[in-house]
Amino acid sequence: MNFSWTPHRFAGGALALDVANSVILRFDPSQSLDRFEQDENLSAFPQAAQSFSAERSLFGSLTPVKVENRSAFLALREAIDRHFRARTEGRSEPLLLADLLAKAAELLRLSPEPDSLEAATVHSAIRLLAEVESERLKICGHCGWLFIDRSKNRSRIWCDMAVCGNRTKAARHYRKTKGEEP
């Protein structure tokens, strides 16, 4: 299957969330897809992040994840997802925070270079912990991705209106025209 990193895939609003969102349909094991499973996707991610990430001005040229750091990087990705997903659901779980911080510290020990994707992801996660208000963190109503709602009235429900919003509205319209919805 041919795949490329597009602006939609960076709809999280922070590099750490974009990394967490590299698992597609995480909530549905039968359809779930890990974009970092293929080495070429993981290798191409840093260059795409430099073009599309909302935080691209905070980092320079990013180097790909080192082969020997891959499992630690993926463990950090999962810790980011668990912690911020719990936070969006209003659950304060100190063990998830401790796990995230431990995995971040381990990855920085393995790859302290500031231009590595590993270090940039850790720094993004730490910024999210410190700066983003919990009510601004949301889960997309269509795909389940995490994103920061930067709208003035905090009313966003989709990570990307052009993709998830349109798909949801099109499905609703289809059901309505088929008589499945009042």
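The values are calculated or read from the model by the stated rules, or taken from the named source; none is laboratory data. Remember, predicted model here, so these are calculated numbers, not experimental data. Here the Cβ positions follow ideal geometry from the backbone for every residue, glycine too, while neighbour counts run over all protein chains shown. Keep in mind that these areas ignore ligands, DNA and RNA; they rest on the heavy atoms of the full protein, side chains included. Shrake-Rupley method; radii C 1.70, N 1.55, O 1.52, S 1.80 Å.
Going by the structure shown, is F84 closer than 24 Å to D160 by Cα, among the aromatic types (F, W, Y), without any contact (Cβ under 8 Å) to a residue 40 or more places away in the chain and out of contact with any Pro (no Cβ under 8 Å at 6 or more places or on another chain)? No. Of the residues making up the range 102-129, those that are assigned to a helix (DSSP H, G or I) and more than 17 Å from the chain's Cα centre (by Cα) are A102, A105, E106, L107, L108, R109, L110. Being at pLDDT 95 or above and within 18 Å of A14 (Cα to Cα) holds for only one residue in L128, L100, and it is L100.
Table: residues versus (1) within 16 Å of the chain's Cα centre (by Cα); (2) without any contact (Cβ under 8 Å) to a residue 40 or more places away in the chain; (3) outside any helix (DSSP H, G or I).
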residue: G12; (1), (2), (3): yes, no, yes
residue: P29; (1), (2), (3): no, yes, yes
residue: E40; (1), (2), (3): no, yes, no
residue: V65; (1), (2), (3): no, no, yes
residue: F73; (1), (2), (3): yes, no, no
residue: A79; (1), (2), (3): yes, yes, no
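So is S61 closer than 20 Å to L107 by Cα and not in a helix (DSSP H, G or I) or not? Yes. Checked against (1) surrounded by fewer than 21 Cβ atoms within 10 Å (Cβ to Cβ); (2) over 23 Å from Q31 (Cα atoms); (3) modelled with pLDDT of 85 or more, E135 passes all but condition (3). The condition (being modelled with pLDDT of 95 or more, out of contact with any Cys (no Cβ under 8 Å at 6 or more places or on another chain) and open to solvent by 60 Å² or more (accessible area, probe 1.4 Å)) is satisfied by just one residue among S51, S57, S71: S71.
Residues of the range 106-132 being hydroxyl-bearing (S, T, Y) and either open to solvent by 10 Å² or more (accessible area, probe 1.4 Å) or more than 16 Å from V19 (Cα to Cα) (or both), which ones? Scanning the range 106-132 gives a single hit, S111.
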